[in-house]
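A short write-up of the structure that comes next.
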Amino acid sequence: MDSKEFRQEGHRLIDWIAEYLDHADRFPVLSQVRPGEIRNALPDHPPSGGEPFAAIMDDFEQVILPGVTHWNHPRFFAYFPANNSAPSILGELLSAGLGVNAMLWQTSPAATELEQQVMAWLGELIGLPGGFQGSIQDTASTATLCALLCAREKATGFAFNARGPAALDPGRPLRIYCSREAHSSVIKGARIAGFGDENIVTIDVDGARAMDPDDLARKIEADRDAGRRPCCVVATVGTTSTTAIDPLAQIGPVARQHDLWLHVDAALAGSAAILPEKRWILDGIEHADSFVFNPHKWLFVNFDCSAFFVRDPGHLERVMAIDPAYLQTDRDDQVTNFRDWGIQLGRRFRALKVWFVLRSYGSARLREMLAGHIALAGEFAGWLEAAPDWEVMAPVPLNTVCFRYHPTGRNLDEELNAINKGIMDRVNAAGRIYLTHTVLDGRFALRLAVGQTGTQRRHVVEAWEELRRQAASA
């Protein structure tokens, strides 16, 4: 493809994307293909010769597009938001065109220094206290793994990095504490970092499904009395199931009292802290050693982009840094090399798309859009509360509503679970709305998460109408 063809096809592709952003709602939200259908439509062997780009795009539309679940559809209410925006897409395109590997300052000074500045801007927007410094990771799962590695090395005086599991005293395992509502990435990170599933201590939750600080203190003391080694607390601000908010102001002093690393996972909810009326969700963040939230979830930056902050960058660098001669430069003592701030060596120029979004929207418009999403979720919860035979099943502090259909006279959870799963399956099969579920104390709960860029009130109204229509046949 020469530059002339690149221009022609590039213009066509931008036109296609623009049309898609304007009219994504013409597609079924959830892909309707059957398992294996896409792969069976593809050739068994790679092409021996090049093909026209137009033919590739035709196959994209005919073969690939039917297998896409449209995360930025205005009636996508499943899982969590993963919104994007036109400025972010253009920033991503420019990053791809530059082809930067941002592993060292020297490999692209602009990538490093722009990342430093946009991370400072993000910290200011959500009200992080002074002292935190950040880098962009791919996902919150990676950031949580980095935090667990930092906690491990703090507890062992860097002996685990040096000696592996032999650095641990037999019968004195390192322990991680998190609520039973914490994200599955804590378990995965504990496995990768060598803690093991058996050393994840599950803390009770209160009526709002937030971590109970008193139970945390009791279980830390019990582990100390049993000769185990408390190491790390992972608090969640905005749990995946219900967006419950762990009370950092009470958890933090417990962690400090026992000299434990405190990591705060605010992957979805952290973006809401840009709203003055929601800044309370981070009350107590000054106690944290590390903190993560994902602009790629709810701040209109397309996937992937996770903002990871630490109180002590020097500790993070000591945990992560490996310094072979081929990566050394004459200015290493004057600059930040982000290769030492995470798992990856090679790093994409993600800061560019964050910069495009923050400058294109401005903080006032970002606040307006997030406040609108939260208001829509609150309005939907109000419809449920006012309607007979429907119930809200958890508090709604942000943008996610957990609920179920509960017709009069049908009180067995097993029966209600089957009824609500049936409603969800029929709603999703119809193609206009996409919902997912969770299970709360054995009860099947539908979830509606508002946060896509193009979602408006009429889309939430359509979801409510579809749910009631499907419930009528239950």
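Derivation of every value follows stated rules applied to the coordinates shown; laboratory data play no part. All values reported here derive from a predicted model rather than from experimental measurement. Positions of Cβ are backbone-derived with ideal geometry, glycine not excepted, and every protein chain shown enters the neighbour counts.
Observations
- Rg(Cα) / (2.2 N^0.38 Å) computed for segment 100-348, rounded to two decimals: 0.99
- The peptide list 287-296, 354-363, put in order of mean Cβ contacts within 10 Å with the highest first, becomes 287-296, 354-363.
- Debye, to nearest 20: dipole size of segment 100-348, +1 on Lys, Arg Cβ, -1 on Asp, Glu Cβ: 440 debye
- For segment 100-348, the share of DSSP beta bridges that are antiparallel, to the nearest 5, is 40%.
- Among ILE251, ILE374, sorting on how many other beta-carbon atoms sit within 10 Å of each Cβ, with the fewest leading, yields ILE374, ILE251.
- A simple count of charges around LEU440, restricted to other residues whose Cβ falls under 13 Å of its Cβ and scoring Lys, Arg +1 and Asp, Glu -1, yields +1.
- The listed peptides 112-124, 443-455, ordered by packing as a protection proxy, come out as 443-455, 112-124 (highest mean of other Cβ atoms within 10 Å first).
- Whole-angstrom gap from segment 367-412 to segment 138-188, using each part's C-alpha centre: 37 Å
- Net charge contributed by nearby residues that have their C-beta within less than 12 Å of SER88 (K/R +1, D/E -1): +1
- In the chain the Cα-Cα distances spread across 10 Å bins starting at 0 as 4, 18, 26, 26, 18, 7, 1, 0 percent of all pairs.
- Cross-link pairs exceeding 28 Å between alpha carbons, from the set LYS4/LYS353; LYS154/LYS188; LYS278/LYS353; LYS188/LYS278; LYS297/LYS421; LYS154/LYS278: LYS188/LYS278; LYS154/LYS278.
- Proxy reagent accessibility, fewest Cβ within 10 Å first, across TYR20, TYR326, TYR177, TYR434: TYR326, TYR20, TYR434, TYR177
- Estimated dipole of the chain in Debye, rounded to 20 [Cβ of Lys and Arg +1, of Asp and Glu -1, Cα centre]: 180 debye
- Taking other C-beta atoms within 10 angstrom as a stand-in for reagent exposure, VAL439, VAL33, VAL460 fall in the order VAL439, VAL33, VAL460, fewest first.
- Its alpha carbons give segment 218-341 an Rg and a Dmax of 17.5, 51 Å.
- The HN-Hα couplings worked out from phi for segment 454-467 by the Karplus form 6.51 cos²θ - 1.76 cosθ + 1.60 (θ = phi - 60°) are x, 5, 10, 4, 4, 6, 5, 4, 4, 4, 5, 5, 5, 4 Hz, whole numbers, x standing for Gly and Pro.
- Taking the DSSP bridge list for the chain and keeping only pairs wholly inside it, about 55 percent are antiparallel.
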